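Coordinate-derived values only; no laboratory data. These numbers were taken from a predicted model, which means no experiment stands behind them. Note: ideal-geometry Cβ built from the backbone for every residue, glycine included; neighbour counts use all protein chains shown.
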Amino acid sequence: MTDDLIFWIIVVLLLAAGLAAYLVVKRAQELPPAEEPGQLPQQPGKVPAEPEAEPGLEVPEAAGSRLARLRRRLANSNNALARGLADLLSSDRIDQDTWDDFEATLISSDLGVGPSTELVTTLRRELSIEGVADPVKARDVLRRELVTLVNPNLDRTVNTTGADGRPGVVLVVGVNGTGKTTTVGKLARVLVAEGRTVLLGAADTFRAAAAEQLTTWGERVGVETVRGDEGADPASVAFNAVDRGVQEGVDVVLVDTAGRLHTKTGLMDELGKVKRVIERKAPVTEVLLVLDATTGQNGLTQARIFAEVVDVTGIVLTKLDGSAKGGIVVQVQRELGVPVKLIGLGEGVDDLAPFDTDGFVAGILGE
Ligand SMILES: Nc1nc2c(ncn2[C@@H]2O[C@H](COP(=O)(O)OP(=O)(O)OP(=O)(O)O)[C@@H](O)[C@H]2O)c(=O)[nH]1
Ligand SMILES: [Mg+2]
């Protein structure tokens, strides 16, 4: 009996001691560790994060670096002329065949037969006076003649400034898949980078995904998009966009339109209506026709018909990154009497550049 009692007392004491030891250890673990002198802070270098201006908003590339990068890209991709010139200059003797080959190179770069022949004639004449074996001279003559053909005196400003407190309105037109929506998105970024306020109008109500595509472009730089239902009248969407632009006092409204075949009379008439309806609210300050540089002659035919319907004021030549046919610039300007104002040099968000004659000629000469 006494033994039993003693046994149980020992058991209870042991349990109590165990519980006490457990509690002491647990409490020690909960306490913050004492900092030893000379120990590094727990998370070295971690400073409070900078508050982000607007989370998720992209800052477009600055103009300077964008242009330098795109110029390099032009020089890399548009080198048919550069190669032709190199072949010409590396010949031991420039005979008729060499000249014919060079002329063929010019024509294949979409410069057009007339300008190509003129260029070869001038080059032959000048070089025969100065002597053939001077590559520097030949390059200079070619550069000078190309600059003249491209015409440095055309006004290439994209007119985005409205009058009487109303926004500038840019209408973007062209056949399917030439790069209209992409161009509107890229242009919005350029304008935002310049500190302008922008509103987008999704007047492509033909394709369900079109308004979505444009809205996504806008959201990335914090620009709103006015859209209508699928199948809605594109003219009414364009009208609403410009109307809202006027009310909100934005600087520029960019209106994207549906791609259309230039041969379809009804669709072309619709485009004319879009422009007329917009102009009840504010003048269209710029009509940009988007042409795919890789389509050559076909692009020219399209351009002519669009120009008849909407009074094109500027050309955007896209996909020059994938084309060695920079000569199309000369032809399209001659055909329409309208300057190339912007060039697309890739699918990237900041791959749009203002057209600059000297830079372009240097580019197509591979310089
Ligand atoms: N390589 C290259 N691709 C481009 C350029 N511009 C546009 N694209 C591509 O061309 C394709 C068509 O572009 P979109 O902007 O959708 O053309 P769209 O004219 O709006 O087409 P629709 O609305 O269907 O008429 C896309 O894959 C673009 O990424 C460019 O300068 N270079
Ligand atoms: Mg589109």
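With all pairs of different C-alpha atoms in the average, the Kirkwood value for the hydrodynamic radius of the stretch 262-367 is 14.7 Å. A DSSP coil position with no more than 16 other Cβ atoms inside 10 Å describes the following GluC sites (Glu not before Pro) in the stretch 238-288: 279. In whole angstrom, note down how far apart the Cα centers of the stretch 106-175 and the stretch 233-312 are. First find each Cα centre; the distance between them is then 27 Å.
Estimated from the Cβ-Cβ distance and a Förster radius of 35 angstrom, the FRET efficiency linking residue 58 and residue 209 is about 0.95.
Charge dipole (Cα centre; +1 on Lys/Arg Cβ, -1 on Asp/Glu Cβ; no other charges) of the stretch 145-270 amounts to roughly 300 debye.
Per-residue Cβ neighbour counts within 10 Å put 65, 108, 323 in the sequence 65, 108, 323, beginning with the fewest. Across the stretch 168-312, C-alpha contacts under 8 Å between residues 6 or more apart give a mean separation that, scaled by the residue count, equals a relative contact order of 35 percent.
Taking label points 7 Å from Cα along the Cα-to-Cβ direction, residue 157 and residue 113 give a separation of 4.0 nm. Measuring between alpha carbons in the structure, the pairs from 186/273; 275/325; 319/341; 186/319; 275/319; 264/325 lying more than 24 angstrom apart are 186/273; 275/325; 275/319; 264/325.
The alpha carbon radius of gyration of the stretch 168-312, expressed as a multiple of 2.2 N^0.38 Å, is 0.96.
Sites listed here are chymotrypsin sites (Phe, Trp or Tyr not before Pro) in the stretch 205-250 whose DSSP assignment is loop and whose Cβ has at most 10 other Cβ atoms within 10 Å, and the list is empty. Karplus-derived 3J(HN,Hα) values for the stretch 156-173, using 6.51 cos²θ - 1.76 cosθ + 1.60 with θ = phi - 60°, are 10, 5, 7, 7, 10, 9, x, 10, 6, x, 8, x, x, 10, 10, 9, 10, 10 Hz; glycine and proline are entered as x.
Between residue 301 and residue 334, the contour length at 0.36 nm per residue exceeds the alpha carbon distance by 10.6 nm.
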